[in-house]
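Data first, discussion second: the structure below is written as structure tokens.
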Amino acid sequence: MADTINEQAKSGENKSEGKPKILALANHIGRKKPGAKDAYDYNAPEYLILEPVVTDDMAEVCMTMAIREKVTAETVSARTGKTVEDCYQQLLELADAGVCFVNIIDGKDTFWYDTWVPGIMEMIRMKYGMQFPNALISRSIAGVAGKTLIYVLPGNPKAVKEYSDEIFKTVEHSFRMLYNIDEH
């Protein structure tokens with residue numbers, strides 16, 4: 001997937017057409033209003049990381065969920081009109097793709113998703129983009145999964161070091177925020 005994104009960025013390919021349901025899911029997860037000025041488009045990293053691993057059926061199922069809402073296949077089935085078995089399969093595939101999480105709660109497989117972490121990757125892109133314009137087309141993104149920080153870094157080893165240097169400055173604060181430790 002990262003190679004596909006990097007190749008698109010290097011070639012300057014503009015994805016003006018894509019999968020509308022996947023784009024809707026990216027905007028749903030990012031809490032963006034489709035069509036709004038700040039909404040994601042087919043070139044957004046949030047869309048590009050979902051597009052290769054999420055089907056339209058998976059997107060439809062995930063769109064019935066809210067951020068951090070823990071749901072079962074039965075709950076999603078009632079919302080979508082799809083069978084419990086179909087919803088369960090789609091939810092497992094979403095979990096396998098890393099879009100949502102699954103855990104056994106009260107004896108049932110329970111699913112939920114978290115959100116992207118806006119800001120840090122854009123700051124890094126701008127900082128290094130001033131010196132190295134190719135940095136501006138990086139498709140890096142950061143997110144939170146439960147109590148885990150996730151960073152998708154560029155493929156270039158030099159860029160990984162530059163990004164890591166900036167990210168490491170924020171890790172302690174990020175963990176304090178995740179664990180509700182208020183030291184302000």
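All of the numbers you see were taken from the coordinates with simple rules; none came from a lab. Quick caveat, the model's predicted, so the values are computed rather than measured. Methodologically, a virtual Cβ is constructed for each residue, glycine included, from the backbone with ideal geometry; neighbour enumeration extends over all protein chains shown.
Things to note:
- Coupling constants for segment 95-103 follow from the phi torsions by the Karplus curve (6.51 cos²θ - 1.76 cosθ + 1.60, θ = phi - 60°), and in residue order they are 5, 4, 7, x, 7, 9, 10, 9, 8 Hz; glycine and proline get x.
- Mean ellipticity per residue at 222 nm, deg cm²/dmol - from DSSP H runs of n ≥ 4 across the chain, formula -39500 (n - 2.57): -14500 deg cm²/dmol
- Residues considered: Ala44, Ala36, Ala24. Largest GNM mean-square fluctuation over the chain, using C-alpha springs under 10 Å, is found at Ala36.
- Where the Cα pairs of segment 92-184 fall when distances are cut into 5 Å bins, in %: 3, 12, 19, 18, 16, 14, 10, 5, 2, 1, 0
- Principal axis dimensions, the chain - Cα atoms, whole angstrom, descending: 53, 45, 30
- Extension gain (nm, one decimal) between Phe132 and Ser174, 0.36 nm per residue minus Cα-Cα: 12.4 nm
- Proxy reagent accessibility, fewest Cβ within 10 Å first, across Ser77, Ser138: Ser77, Ser138
- Centre-to-centre separation between the Cα atoms of segment 148-184 and those of segment 77-102: 30 Å.
- Counting only alpha carbon atoms, the long axis of helix 120-129 and the longest principal axis of the chain meet at about 30°.
- The Stokes-Einstein estimate for segment 17-64, based on a Kirkwood radius over Cα pairs and taken at 10 °C with 1.306 mPa s viscosity, is a diffusion coefficient of 153 µm²/s.
- Projected label distance in nm at Asp106 and Val160, using a 7 Å step from Cα toward the beta-carbon: 4.4 nm
- About its Cα centre, segment 2-112 has a charge dipole of approximately 520 debye under the convention of +1 per Lys or Arg Cβ and -1 per Asp or Glu Cβ, with nothing else charged.
- When Met130, Met65, Met121 are arranged by Cβ crowding within 10 Å, least crowded first, meaning fewest neighbours, the order is Met130, Met65, Met121.
- Taking other C-beta atoms within 10 angstrom as a stand-in for reagent exposure, Phe168, Phe175 fall in the order Phe168, Phe175, fewest first.
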